[in-house]
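Q: The structure follows.
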Amino acid sequence: MKSISVIHVPYTSRNPYQKLLLDKLKRYGIEVKGAKITRLPNLSLVDTTLLTILFNFWKPDIIHIHWQHSFLIEKRSRLRTVLKTIIFFVQLVIVKILRIKIIWTVHNLKKHENTYQDLEIYLLKILGKLSNFIIAHCITAKNDIHKILKVKNFDKVVVIPHGNYIGCYSNRYDKKSASSKLKLPDSEMRFLFLGEIRHYKGILELIETFSELENEKAQLIIAGKPKTLKISKEVRAKIQNCKNIYTYLKFIEDNEIDLYIKSSDFMVFPYRDIFTSGGIHLAMSFGKPIIAPRLGCIVDTLDNIGSVLYDPINQEGLKKALIKALCLKNKLELMGAHNLKLAYENNWSNIAAMTSNLYLKSINNKHIN
């Protein structure tokens, strides 16, 4: 039997998720490659990614789609979004005519801060119908996909967990050495917000809530690059009178990630809205206690042993979580060890095996969904 040929698109090196998955898939005899987005020169609306894949690789057995938003959403106008989508779906129909299977991993069900969410959901329903199988990272995500995208065939959506990031980044520091390098004063409890700073992540609410604690023995670290100049200004304005908040408003390089994580006691994810969070898996991979809302796959990934989870609908939820965390100083090591144990369970060998089996199933399934 010839090996299965799979193209993952769009492929990005910024997030190790795809590299880790592709490396393990190759060990299962899968001929797998990544393809980047291609567009016509000086005409970004015309995305030719799928046609380019057909030209460069000719009929692969499977095209595996990730992060679909770049194919569907044009933030500058609703009309441009429709035109862009038509171009994408025409290519997708060509792929289907050639009997190439489509696998779609739903990392996020909708584009964060998207103005055209009603249109986007409609487009995602079409993508769901054209896909042979859909991968969700947890049961909650699977149920949401069935409910929101109206996917009637329960077996079409397959749960394959998100993998860990253990060993992907340096792990050189303890709290004392990391704090010294960052020139941070001593603290009894240090909270960390790490990653790109965007409104949907709840950063402004976190700053406001932390300030209300008025606890001189606690610190909040904000490390990440603001998505826009607007949110950068909003963050700077919010922290003006906050003595215990330290900001590093820049892109955090891979070789700096351990520095910020190891300087902290808790990692905080005050999301307003989330489906799947790679940041949660990063925190677990470093053995860190976590504060997060009960949203999306967080519900299936974390528990009350290693994390402080709160109801995002409760206006006092985040504040109560922070206050509770302040009382857990003696349990930090046990909580972190528990989260690291959970992270080890989501190893890429098992995930690649599950993905490989799904590829085989899609190839052997003659029914076109």
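The values are calculated or read from the model by the stated rules, or taken from the named source; none is laboratory data. Computed from a predicted model, the values in this text were never measured in an experiment. Cβ coordinates were reconstructed from backbone atoms using ideal geometry, including for glycine residues, and neighbour counts include every protein chain displayed.
Q: I'm trying to understand the selection: among the residues of the range 285-310, which are polar (S, T, N, Q) and touching a residue at least 40 places away in the same chain (Cβ under 8 Å)? So that I can check it myself, show each step before the final result.
A: Going through the range 285-310, the residues polar (S, T, N, Q) turn out to be 285, 301, 304, 307.
Matches in the range 285-310: S285, T301.
Q: Could you tell me how many of the residues in the range 159-200 are within 30 Å of I134 (Cα to Cα) and in contact with a Phe, Trp or Tyr (Cβ under 6 Å, 6 or more places away or on another chain)? Steps first, answer last, please.
A: Taking the range 159-200 and keeping what is within 30 Å of I134 (Cα to Cα), we get 159-169, 194-200.
Keeping just the survivors that are in contact with a Phe, Trp or Tyr (Cβ under 6 Å, 6 or more places away or on another chain) gives 163, 194.
Number of matching residues: 2.
Q: Next question. Does I121 qualify as being under 19 Å from Q68 (Cβ atoms), without any contact (Cβ under 8 Å) to a residue 60 or more places away in the chain, surrounded by fewer than 16 Cβ atoms within 10 Å (Cβ to Cβ) and of a type in the set (A, V, I, L, M, F, W, C)?
A: Numbers: under 19 Å from Q68 (Cβ atoms): yes; without any contact (Cβ under 8 Å) to a residue 60 or more places away in the chain: yes; surrounded by fewer than 16 Cβ atoms within 10 Å (Cβ to Cβ): yes; of a type in the set (A, V, I, L, M, F, W, C): yes.
So I121 passes the test.
Q: Being among the hydrophobic types (A, V, I, L, M, F, W, C) and out of contact with any His (no Cβ under 7 Å at 6 or more places or on another chain) is the filter here; which residues of the range 329-355 pass it?
A: Looking only at the range 329-355, we keep the residues that are among the hydrophobic types (A, V, I, L, M, F, W, C), and these are 332, 334-335, 337, 340, 342-343, 348, 351-354.
L332, L334, M335, A337, L340, L342, W348, I351, A352, A353, M354 - these are the residues of the range 329-355 that are among the hydrophobic types (A, V, I, L, M, F, W, C) and out of contact with any His (no Cβ under 7 Å at 6 or more places or on another chain).
Q: Here's something else I'd like to know. So is N255 surrounded by fewer than 20 Cβ atoms within 10 Å (Cβ to Cβ) and in a loop (DSSP other than H, G, I, E, B) or not? Steps first, please.
A: Numbers: surrounded by fewer than 20 Cβ atoms within 10 Å (Cβ to Cβ): yes; in a loop (DSSP other than H, G, I, E, B): no.
It is false that N255 is surrounded by fewer than 20 Cβ atoms within 10 Å (Cβ to Cβ) and in a loop (DSSP other than H, G, I, E, B).
Q: Within the range 25-40, does at least one residue satisfy the condition of being in the same structural domain as I102 (by TED's automatic domain parsing), modelled with pLDDT under 85 and out of contact with any helix residue (DSSP H, G or I) (no Cβ under 6 Å at 6 or more places or on another chain)?
A: For the range 25-40, residues in the same structural domain as I102 (by TED's automatic domain parsing), modelled with pLDDT under 85 and out of contact with any helix residue (DSSP H, G or I) (no Cβ under 6 Å at 6 or more places or on another chain): present.
Q: Something else: Tell me, yes or no, whether the range 315-333 has at least one residue that is within 18 Å of I274 (Cβ to Cβ) and acidic (D, E).
A: Filtering the range 315-333 for residues within 18 Å of I274 (Cβ to Cβ) gives 317-318, 321.
Among the residues that remain, those that are also acidic (D, E) are: none.
Checking the range 315-333: not a single residue is within 18 Å of I274 (Cβ to Cβ) and acidic (D, E).
Q: Here's something else I'd like to know. Take L72 and decide whether it is in contact with an Asp or Glu (Cβ under 9 Å, 6 or more places away or on another chain) and over 18 Å from V95 (Cβ atoms). If you could, list the steps in order and put the result at the bottom.
A: Values: in contact with an Asp or Glu (Cβ under 9 Å, 6 or more places away or on another chain): yes; over 18 Å from V95 (Cβ atoms): no.
Here the answer is no, as L72 does not meet what is asked.
Q: Pull up the range 125-184, narrow it to residues that are without any contact (Cβ under 8 Å) to a residue 60 or more places away in the chain, surrounded by fewer than 18 Cβ atoms within 10 Å (Cβ to Cβ) and of a type in the set (V, I, T), then point me to the one that is nearest to W348 (Cα to Cα).
A: Out of the qualifying residues, it is V159.
Q: Could you please let me know if E234 is closer than 16 Å to G202 by Cα and more than 18 Å from the chain's Cα centre (by Cα)?
A: Numbers: closer than 16 Å to G202 by Cα: yes; more than 18 Å from the chain's Cα centre (by Cα): yes.
When the stated conditions are applied, E234 passes them.
Q: Tell me which residues, restricted to the range 73-105, are under 26 Å from the mean Cα position of the chain (by Cα) and under 25 Å from W58 (Cα atoms).
A: Across the range 73-105, the qualifying residues are K84, T85, F88, F89, L92, K101, I102, I103, W104, T105.
Q: Looking for something among the hydrophobic types (A, V, I, L, M, F, W, C), touching a Gly at 6+ places or on another chain (Cβ under 9 Å) and more than 20 Å from L322 (Cβ to Cβ) - is there at least one such residue anywhere in the range 166-187?
A: The initial filter retains those residues of the range 166-187 that are among the hydrophobic types (A, V, I, L, M, F, W, C), namely 166, 168, 178, 182, 184.
Going one step further and asking which of them are touching a Gly at 6+ places or on another chain (Cβ under 9 Å), we end up with none.
The answer is no, given that none of the residues of the range 166-187 is among the hydrophobic types (A, V, I, L, M, F, W, C), touching a Gly at 6+ places or on another chain (Cβ under 9 Å) and more than 20 Å from L322 (Cβ to Cβ).
Q: Checking R272 against (1) in contact (Cβ under 8 Å) with a residue 24 or more places away in the chain; (2) over 18 Å from the mean Cα position of the chain (by Cα), which single condition isn't satisfied?
A: Evaluating R272 over (1) in contact (Cβ under 8 Å) with a residue 24 or more places away in the chain; (2) over 18 Å from the mean Cα position of the chain (by Cα) leaves (2) as the failure.
Q: Then there is this: May I ask you to list the residues in the range 225-255 that are in contact (Cβ under 8 Å) with a residue 40 or more places away in the chain and of a type in the set (V, I, T)?
A: Of everything in the range 225-255, just one residue is in contact (Cβ under 8 Å) with a residue 40 or more places away in the chain and of a type in the set (V, I, T), namely I252.
Q: What residue, of E196, E205, E188, is touching a residue at least 40 places away in the same chain (Cβ under 8 Å), charged (D, E, K, R), under 16 Å from R272 (Cα atoms) and surrounded by fewer than 22 Cβ atoms within 10 Å (Cβ to Cβ)? Full working, then the answer.
A: Details: E196 fails: touching a residue at least 40 places away in the same chain (Cβ under 8 Å); E188 fails: under 16 Å from R272 (Cα atoms).
Matching residue, one of E196, E205, E188: E205.
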